[in-house]
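Enquirer: Below is one structure. I have some questions about it.
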């Protein structure tokens, strides 16, 4: 054997490892591609819709797979991964590309209103973290989800700065509460669907113009029945919004679905709503415990007459969700 020449056994071992790695990347690319494509069949059932929610993750993994397969000269698999990644990038792009209001429209608008929306997680007892979050943001409206009587008691300190409020605490994960610096009118807690999940519907008499606020938290998609009930609740809310076309309306809450679900598209279309996250980046909110798998299921949606100045994700407050802070202004429709 000549000096510096690689032993035959080492060459064989290296080739075998390369072959195993290539097979692994190919299978991974096929699996992620299949999951991504199955997500486009979301209307066909629960598992298909669950697959629709991870467009960001599919795009990242498939771009990496495409690069690795190209380096390994597996071009057919690289092209497949790249094409599927492109569909996911196109789906995600509207949330990343700039879509902000023009500076002149902001300066000529009425005073802005700040909404803080947070799923606190019923089982959490870190009341101080949520109060600190609210104190730091100084919102005009605070909307909390998954509140029980403990949360209402510990959030009672908010009453001093927020003279108007409405709450419906529950022992399960569907209690809801609203605190407002502005007068609330015609406030009601509407039981949604046969399981009577509460939704707050109220008119907010804000400077510059009144608007309707709907805070809601449908059931999670953990079974086909829950999906049906979630979809029914969102359809009821869309109909409620559409029934009052002259009233600027804001819908906020943990909707238990992402912008890439066709059910979300139905909600926007039927309620004539806009997704305020567009142009403000990938504002992923759940689960807090897994940064890579985190998806955007907490939303702020608006009709004509409401414009968003800023929108961002809140800090970790010991919940499984991150909150949303949205700064908006209201302009009368006529």
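Any read-out appearing in this document is the output of simple, stated calculations on the displayed coordinates, not a laboratory observation. Just so we're clear, the structure is a prediction, and the values are computed from it rather than from any experiment. Using ideal geometry, Cβ is built from the backbone for each residue, glycine included, and neighbour counts are taken over all protein chains shown.
Enquirer: Counting pairs of alpha carbon atoms under 8 Å apart in space and at least six apart in sequence, what relative contact order in percent does the chain give?
Expert: Once divided by the residue count of the chain, the mean separation gives 17 percent.
Enquirer: Relative to the first principal axis of the alpha-carbon coordinates of the chain, what is the inclination of helix 75-96, with its axis defined by its Cα atoms, in degrees from 0 to 90 and to the nearest 10?
Expert: 20
Enquirer: Additional query: For the chain, take the longest principal axis of its alpha carbons; what is the angle in degrees between that and the long axis of helix 262-271, to the nearest 10 within 0 to 90?
Expert: Long axis of 262-271 versus the principal axis of the chain: about 30 degrees.
Enquirer: Rounded, prolate or oblate: which fits the stretch 214-334 when a ≥ b ≥ c are the square roots of the eigenvalues of the alpha-carbon gyration tensor, with rounded for a/c under 1.5 and prolate only if a/b beats b/c?
Expert: Because a/c hits 1.5 or more and a/b fails to exceed b/c, the stretch 214-334 counts as oblate.
Enquirer: Cβ neighbours within 10 Å, averaged per peptide: list 253-264, 58-69 in order, most packed at the top.
Expert: Top of the packing list down: 253-264, 58-69.
Enquirer: Of 123, 36, 210, which is the most mobile in a GNM of the chain whose springs link Cα atoms less than 10 angstrom apart?
Expert: Checking each option, the largest mean-square fluctuation is seen for 123.
Enquirer: Note down the nm distance, to one decimal, between modelled labels 7 Å out along Cα→Cβ at residue 243 and at residue 75.
Expert: Roughly 6.1 nm, to one decimal.
Enquirer: Another question, if that's okay. Zone of residue 24 (label point 7 Å along Cα→Cβ, backbone N under 20 Å): which residues in the stretch 65-89?
Expert: Output list for this probe position: 65-75, 77-78, 81.
Enquirer: If you don't mind, another one. Quick one: among 165, 223, 319, which has the greatest mean-square fluctuation in a GNM of the chain with alpha-carbon springs under 10 angstrom?
Expert: 223
Enquirer: Divide by every residue of the chain the summed helix terms, -39500 (n - 2.57) for each DSSP H run of at least 4, and state the resulting mean residue ellipticity at 222 nm, rounded to the nearest 500 deg cm²/dmol.
Expert: Calculated mean residue ellipticity at 222 nm is -12500 deg cm²/dmol.
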